[in-house]
Amino acid sequence: MKINKKMQDAFNAQIKEELYASHLYLQMAFWFSKEGWNGFAGWMGKQSHEEKEHAMDMAKFLVDRGGEVLLTDIPSVQTSWDSPTDVFKDAMAHEEHVSAQIEKLANVADEVKDRAAANFCAKYVDEQVEEEKTMRDILTLFEHSGGAGLALIDHIVGEGRK
């Protein structure tokens, strides 16, 4: 079944969101690297790659359904922060934004009664719960350390334990 135009437009909007997230996390990785936070830099680099994979997955789904992927300009991202905590606060806010956008995408699938798109969106709804929890867990580590344990947190995050 060919994808509905409204559903196609919603997927194209989400692909743009995923690519923006990839750029944002890549910029965060570069900032961390410049500041000497190698664990955080590596972790954010992986997040960037994951967001690009999401965009590619959504694009493939769209094409597989007979739709057209329309890439548009991606807005510039912030380029510097005052502290690692500020970076992760911004990352948390962005994950909350992405969760809202995924919810909108899933709502369009429900509205146009596209079961395949709804099933596809479900994995991203679930993933956003995990992504927000991960960001909250890292921010909780920052909060509990009072700033004194940032080097340890950098190591823990870099090792992929969060």
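Assorted remarks:
- One residue from Lys2, Lys16 being farther than 29 Å from Gly149 by Cβ and surrounded by 18 or more Cβ atoms within 10 Å (Cβ to Cβ): Lys16
- Considering region 69-162, the qualifying helices (runs of 4 or more DSSP H), each wholly inside and each with 3 or more residues that are open to solvent by less than 70 Å² (accessible area, probe 1.4 Å), under 18 Å from Ala55 (Cβ atoms) and β-branched (Val, Ile, Thr), run over 84-111.
- Within the span defined as region 21-39, one or more residues are small (Gly, Ala, Ser), at pLDDT below 95 and open to solvent by less than 40 Å² (accessible area, probe 1.4 Å).
The values are calculated or read from the model by the stated rules, or taken from the named source; none is laboratory data. Every value quoted in this text rests on a predicted model; they were computed, and no experiment measured them. Every residue, glycine as well, gets a Cβ built from its backbone with ideal geometry; the counts of neighbours run over all protein chains shown. Only protein heavy atoms, including side chains, enter the accessible area calculation; ligands, DNA and RNA are left aside. Shrake-Rupley method; radii C 1.70, N 1.55, O 1.52, S 1.80 Å.
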